[in-house]
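Visitor: Here you go, one structure.
The values are calculated or read from the model by the stated rules, or taken from the named source; none is laboratory data. From a predicted model like this one, the values you see are computed outputs, not experimental measurements. Backbone-built Cβ (ideal geometry, glycine too); neighbour counts: all protein chains shown. What goes into the accessible areas is simple: the full protein's heavy atoms, side chains included, and nothing from ligands, DNA or RNA. Shrake-Rupley method; radii C 1.70, N 1.55, O 1.52, S 1.80 Å.
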Amino acid sequence: MARRPEVFVRPLSMEDGRKLARISRTAKNPVKLRRAIVVLMSSQGQTVRDITSLMQVSADYVRDVIHAFNERGFDALDPKWSGG
């Protein structure tokens, strides 16, 4: 099976980096916290494989978070709860 191409978050401005760091320190919601950390790690050059092993999440989850952040920015960090 061929390896999937690496996925990285878009280049971040200094302000974006500061905002992500602040979210990763202060977020009360664990979903938002986890997503912010995934984006921060990607922005620091960590591969999807590195992030999955450190965060104990799936590669698909990491890729989905990165793609969503690249498309929607900080709105992608907020969980969208829906009824069951």
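Visitor: Between the DSSP loop rule and a limit of at most 12 other Cβ atoms within 10 Å, which GluC sites (Glu not before Pro) in the chain are left?
Guide: Here the GluC sites (Glu not before Pro) that fit, given the DSSP loop and packing criteria, are 6.
Visitor: Are there trypsin sites (Lys or Arg not before Pro) in segment 1-70 that DSSP marks as loop and that have at most 12 other Cβ atoms within 10 Å, and which are they?
Guide: Passing both the DSSP loop test and the Cβ count: 3, 28.
Visitor: Taking all protein chains together and a probe of 1.4 Å, list 47, 26 from the most accessible to the least accessible.
Guide: 26, 47
Visitor: Another question about this same structure. If I histogram all Cα-Cα distances within the chain using bins 5 Å wide from 0, what percent of pairs lands in each bin?
Guide: For the chain, the binned pair fractions read 2, 15, 27, 26, 18, 6, 4, 1, 0 percent.
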